[in-house]
Each structure stands twice: as C-alpha cells, then as structure tokens.
Amino acid sequence: MNRRILLLGALASGLGVSGFFGLGLRGANASPLHVDSTEFAAGGRDVVAYFSLATSPRPAAGVPGSRRFTALWNGATFAFATAQNRDLFLANPARYAPQYGGHCAWAAGQGYKAPGSPDVWAIVDGKLYLNYSHAVRQRWEKGMTTQIEAANANWVKLGQEPGSTGDAEDYRPAAAPVP
C-alpha cells in the first residue's frame, strides 16, 4: 500500500475526519446542526428574518437574534429578533431552519460537513442555504441545482452525524446574538 495513503488514513482516524479537515467536532455538539463560537445555531442570527431580507435588492448579513427570544430545536438553540419570529419558527421549524443543519451547502454537495456562515446565505425555492465563504458560494452558485441535488442525497447519511463546530471563513461572530 502507498505510504502516503496510510499516513493520511492514520491522521484522519487519529484526529477524526472532521478534525483532519480543520473543521473540528466538539463532544458537546451531539446535534446534527452546526453550532459556532456563539453557541447558537445560525450564528445567533434570526433565521426567520432571512426570508424578508431576501426580497431586498442586495441581501445583507443576517439579522442578529436576541438572547430574550430563543427556541431549542433539533438539539440546538436558535435566537430571534422578535417574539413573533420565534413563534413563526416554532410553528414550522423546517420551513425556516437552514438546510443541511446550517452547514455549508457546497460542502454537503461534496459529501462532507463544513461550517456554514450566517453572513453568506441564499434563499432558493423558499429554503435557506448557508455557505462557508463568499468564494465557496460563487462555486456553489455555478452549479446550484446540481449541488442542491447532491447535497440532498448526501444529507441522508450526513444528517445522522454530529454537527460541525467552529466558525466559517466569512463570518462575524460578534454580530449576534444581542442581549
């Protein structure tokens, strides 16, 4: 067997595949959702608010949620700007939660989990998608339909695995959640 393959295999198994790729898993994140340094899903951004931002001419960074309006779903805490948005989420979490557990949509299409940035997002066919960085989003957009189909197929297995932790490249964790 090739020595290089053996060495890479040993590194991957010793560090965990996610750790090998620099994505790290924290034992406390048993949820399949991505949780970043804020300890909130979607970086503490209000996932319901993205749907009204999507109608603006140029999508902005996500709206910071508040620690006063939170909801626990699928093992992770979400923050919302208003009680009304929290209630909308609780009435239909699958409608508003980011696809692929808030992980990067491009990475899911490639068959692995990577942190999704709540500051690099898109609404496609009424669903919220996050990407690791603006550069990755550009790659994702070039073959978006194919990427989404591949990610949906991959998510059957990936969705059963613990969520990634850590911050995506183009992400400002200090922006949310607010008190």
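Any residue that is part of a loop (DSSP other than H, G, I, E, B), β-branched (V, I, T) and farther than 21 Å from S37 by Cβ - is there at least one of those in the stretch 82-97? For the stretch 82-97, residues part of a loop (DSSP other than H, G, I, E, B), β-branched (V, I, T) and farther than 21 Å from S37 by Cβ: present.
Yes or no, residue by residue, for (1) among the basic types (K, R); (2) touching a helix residue (DSSP H, G or I) at 6+ places or on another chain (Cβ under 8 Å); (3) farther than 16 Å from L33 by Cβ; (4) at pLDDT below 95:
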| site | (1), (2), (3), (4) |
| --- | --- |
| A105 | no, yes, no, no |
| A114 | no, yes, no, yes |
| W121 | no, yes, no, yes |
| H134 | no, no, yes, yes |
| Q138 | no, no, yes, yes |
| A150 | no, yes, yes, no |
| A153 | no, no, yes, no |
| G159 | no, yes, no, yes |
| P179 | no, no, yes, yes |
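Of the residues making up the stretch 139-152, those that are open to solvent by less than 40 Å² (accessible area, probe 1.4 Å) and assigned to a helix (DSSP H, G or I) are W140, Q147, I148, A150, A151. Scanning the stretch 16-24 finds no residues that are closer than 12 Å to P177 by Cα and either in a loop (DSSP other than H, G, I, E, B) or modelled with pLDDT of 50 or more (or both). For the stretch 87-96, filtering for residues that are basic (K, R) and out of contact with any Lys or Arg (no Cβ under 9 Å at 6 or more places or on another chain) leaves 0. Hey, any hits in the stretch 131-148 for a residue that's under 21 Å from F78 (Cβ atoms) and of a type outside the set (F, W, Y)? There is at least one residue in the stretch 131-148 that is under 21 Å from F78 (Cβ atoms) and of a type outside the set (F, W, Y). Does the stretch 118-138 contain any residue that is farther than 16 Å from V47 by Cβ, in a loop (DSSP other than H, G, I, E, B) and in contact with a Pro (Cβ under 8 Å, 6 or more places away or on another chain)? Scanning the stretch 118-138 turns up at least one residue that is farther than 16 Å from V47 by Cβ, in a loop (DSSP other than H, G, I, E, B) and in contact with a Pro (Cβ under 8 Å, 6 or more places away or on another chain). Consider D46 carefully, then state whether it is at pLDDT 90 or above, under 14 Å from the mean Cα position of the chain (by Cα), open to solvent by less than 50 Å² (accessible area, probe 1.4 Å) and more than 27 Å from K157 (Cβ to Cβ). It is true that D46 is at pLDDT 90 or above, under 14 Å from the mean Cα position of the chain (by Cα), open to solvent by less than 50 Å² (accessible area, probe 1.4 Å) and more than 27 Å from K157 (Cβ to Cβ). Please verify whether V120 is of a type in the set (V, I, T), crowded, with 17+ Cβ neighbours inside 10 Å, under 27 Å from R67 (Cα atoms) and free of Cβ contacts under 8 Å to residues at least 60 places away in the same chain, treating the condition exactly as stated. Considered against the rule, which asks whether it is of a type in the set (V, I, T), crowded, with 17+ Cβ neighbours inside 10 Å, under 27 Å from R67 (Cα atoms) and free of Cβ contacts under 8 Å to residues at least 60 places away in the same chain, V120 comes out as yes.
For the stretch 153-179, taking the residues that are within 11 Å of Q110 (Cα to Cα) and more than 14 Å from the chain's Cα centre (by Cα), the one that is surrounded by the fewest Cβ atoms within 10 Å (Cβ to Cβ) is identified as A153. Using the structure shown, decide if G102 is small (G, A, S) and open to solvent by 10 Å² or more (accessible area, probe 1.4 Å). For G102, the condition - small (G, A, S) and open to solvent by 10 Å² or more (accessible area, probe 1.4 Å) - is not met. Here is a check on your reading of the model: is A79 buried (at least 19 other Cβ atoms within 10 Å of the Cβ), in contact (Cβ under 8 Å) with a residue 60 or more places away in the chain and assigned to a strand (DSSP E or B)? Judged against the criteria, A79 is a match. Comparison of N92, N74 shows that the only residue that is on the phi > 0 side of the Ramachandran plot and either surrounded by fewer than 14 Cβ atoms within 10 Å (Cβ to Cβ) or at pLDDT 85 or above (or both) is N74.
The values are calculated or read from the model by the stated rules, or taken from the named source; none is laboratory data. Source: prediction; values computed, not measured. Cβ sites come from the backbone with ideal geometry, for glycine too, and all protein chains shown count toward neighbours. These accessible areas exclude ligands, DNA and RNA; they are computed on the full protein's heavy atoms, side chains included. Shrake-Rupley method; radii C 1.70, N 1.55, O 1.52, S 1.80 Å.
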